[in-house]
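**Student:** Attaching a single structure in structure tokens format; questions to follow.
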Ligand code: GNR
Ligand code: NI
């Protein structure tokens, strides 16, 4: 097991669309284990492969407080969505930024698990929000893309400054 470095805005790799996962082998399972470890350590409720520099349609999630509801999301497709609402959102790739964005409060997703088995998930609230956030990552999209240009540019500037300071 290993902690993986999480890429931060404006890293261009966050803008890549992940390729479909076709091989459900030991290597994939090791990556999934590392992603869960990295997500819990952060701490976060979700983590997309895109965020650790792996361009695949893969994300892990656990929205429970007890850390006992692990979900692996592979090659996800949105089947239905309903009830747009404003929800406060953050992202491990954009530290210390929280903004309200419009998300569906209800969503149905079909995905595959770590074994390649197809399943459907009907979610609401935080889980629905997290699913949309992770699926966006797999398509190179970040929540700041839903904000006004002014807000987005301010956040980007702040992040660039932060990285300059770290060098
Ligand atoms: O840890 C996270 N919290 C969160 C809160 C509201 C909406 C989405 C999220 S996901 C985020 C972790 C993350 O960046 N996943 O990609
Ligand atoms: Ni995120």
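**Student:** Just checking, how many residues over the stretch 71-97 are part of a strand (DSSP E or B) and within 12 Å of ligand 2 (Cβ to nearest atom)? Give the steps one after another, and end with the answer.
**Tutor:** Within the stretch 71-97, the first condition is being part of a strand (DSSP E or B), and the residues that meet it are 71-91, 94-97.
Subsequent filtering for residues that are within 12 Å of ligand 2 (Cβ to nearest atom) retains 89-91, 94-95, 97.
Final tally of qualifying residues: 6.
**Student:** Of the residues in the stretch 40-70, how many are away from ligand 2 (no atom under 14 Å from the Cβ) and assigned to a strand (DSSP E or B)?
**Tutor:** Residues flagged as away from ligand 2 (no atom under 14 Å from the Cβ) and assigned to a strand (DSSP E or B) within the stretch 40-70 amount to 1.
**Student:** Another question about this same structure. State yes or no: is residue 70 away from ligand 1 (no atom under 13 Å from the Cβ) and either farther than 18 Å from residue 131 by Cβ or within 15 Å of the chain's Cα centre (by Cα) (or both)?
**Tutor:** Values: away from ligand 1 (no atom under 13 Å from the Cβ): yes; either farther than 18 Å from residue 131 by Cβ or within 15 Å of the chain's Cα centre (by Cα) (or both): yes.
When the stated conditions are applied, residue 70 passes them.
**Student:** Next up: Inspect the stretch 115-137 for any residue being part of a loop (DSSP other than H, G, I, E, B) and more than 23 Å from residue 24 (Cβ to Cβ) and give the result as yes or no.
**Tutor:** Step one: list which residues in the stretch 115-137 are part of a loop (DSSP other than H, G, I, E, B), which gives 115-117.
Narrowing further to those that are more than 23 Å from residue 24 (Cβ to Cβ): none.
Scanning the stretch 115-137, I find no residue that is part of a loop (DSSP other than H, G, I, E, B) and more than 23 Å from residue 24 (Cβ to Cβ), so the answer is no.
**Student:** Here is a check on your reading of the model: is residue 41 more than 12 Å from the chain's Cα centre (by Cα) and either in contact (Cβ under 8 Å) with a residue 12 or more places away in the chain or under 23 Å from residue 15 (Cα atoms) (or both)?
**Tutor:** Numbers: more than 12 Å from the chain's Cα centre (by Cα): yes; either in contact (Cβ under 8 Å) with a residue 12 or more places away in the chain or under 23 Å from residue 15 (Cα atoms) (or both): yes.
Answer is yes for this residue.
**Student:** Please find, within the stretch 138-152, the residue that is nearest to residue 73 (Cα to Cα) out of those that are assigned to a helix (DSSP H, G or I) and in contact (Cβ under 8 Å) with a residue 12 or more places away in the chain.
**Tutor:** Once the filter is applied, the top-ranked residue is 138.
**Student:** A further question on this structure: May I ask you to list the residues in the stretch 110-167 that are in contact with a helix residue (DSSP H, G or I) (Cβ under 7 Å, 6 or more places away or on another chain) and on the phi > 0 side of the Ramachandran plot?
**Tutor:** 140
**Student:** When you go through 123, 114 one by one, which is the residue that is surrounded by 12 or more Cβ atoms within 10 Å (Cβ to Cβ), more than 16 Å from ligand 1 (Cβ to nearest atom), under 18 Å from the mean Cα position of the chain (by Cα) and modelled with pLDDT of 95 or more?
**Tutor:** The unique qualifying residue is 114.
**Student:** Quick test for you: out of 103, 110, pick the one residue that is assigned to a strand (DSSP E or B), more than 16 Å from ligand 2 (Cβ to nearest atom) and in contact (Cβ under 8 Å) with a residue 24 or more places away in the chain. Let's see the steps before the verdict.
**Tutor:** Working: 103 fails: more than 16 Å from ligand 2 (Cβ to nearest atom).
Result of the check over 103, 110: 110.
**Student:** Any residue at all in the stretch 16-30 that is surrounded by 15 or more Cβ atoms within 10 Å (Cβ to Cβ), within 13 Å of ligand 1 (Cβ to nearest atom) and part of a strand (DSSP E or B)?
**Tutor:** no
**Student:** Another one. Name, by its number, the condition in (1) within 14 Å of ligand 1 (Cβ to nearest atom); (2) farther than 27 Å from residue 25 by Cβ; (3) under 18 Å from the mean Cα position of the chain (by Cα) that does not hold for residue 106.
**Tutor:** Looking at each condition in turn, residue 106 falls short on (1).
**Student:** Sticking with this structure for a sec: Among the numbered criteria (1) touching a residue at least 40 places away in the same chain (Cβ under 8 Å); (2) over 24 Å from residue 49 (Cβ atoms); (3) within 16 Å of ligand 1 (Cβ to nearest atom), which one does residue 88 miss?
**Tutor:** Residue 88 satisfies all of (1) touching a residue at least 40 places away in the same chain (Cβ under 8 Å); (2) over 24 Å from residue 49 (Cβ atoms); (3) within 16 Å of ligand 1 (Cβ to nearest atom) except (1).
The values are calculated or read from the model by the stated rules, or taken from the named source; none is laboratory data. Predicted model, so just to flag it, every value in this text is computed and none were measured. Cβ coordinates were reconstructed from backbone atoms using ideal geometry, including for glycine residues, and neighbour counts include every protein chain displayed.
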